[in-house]
Amino acid sequence: MSFANLFGSLNEQEEKKIKEEFFLDITLLIIALVILQLIREADPKGCAIPIREWLMVFFSLYFSRSSF
């Protein structure tokens, strides 16, 4: 089965589900990054291990999977 056949066989319900999942992922990405940024600004020194920055990278990659 080719990609053209795969995407051509989607019905409206499947398209709606894909769009909802995409918007949910983008919304969760924005929420996670805003929360981590607020925490980062509240305590700029933090600790020696850049946990917040690693979490920001992780959430960016995880929730942007729909974009890829």
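Observations
- Subset of the range 21-53 (residues that are aromatic (F, W, Y) and touching a helix residue (DSSP H, G or I) at 6+ places or on another chain (Cβ under 8 Å)): F22
- Only a single item in (1) at pLDDT 85 or above; (2) touching a helix residue (DSSP H, G or I) at 6+ places or on another chain (Cβ under 6 Å); (3) of a type in the set (A, V, I, L, M, F, W, C) is not met by M56, and it is number (1).
- Residue in the range 8-19 that is part of a helix (DSSP H, G or I) and at pLDDT below 80 present: yes
- First in the range 18-40 and in contact (Cβ under 8 Å) with a residue 40 or more places away in the chain, second anywhere and surrounded by 13 or more Cβ atoms within 10 Å (Cβ to Cβ), Cβ under 6 Å, 6 or more apart: F22/S66; D25/F63; D25/S66
The values are calculated or read from the model by the stated rules, or taken from the named source; none is laboratory data. Because the structure is predicted, anything quoted here is derived from the model rather than measured. For neighbour counting, all protein chains shown are included, and Cβ atoms are generated from backbone atoms with ideal geometry for every residue, glycine included.
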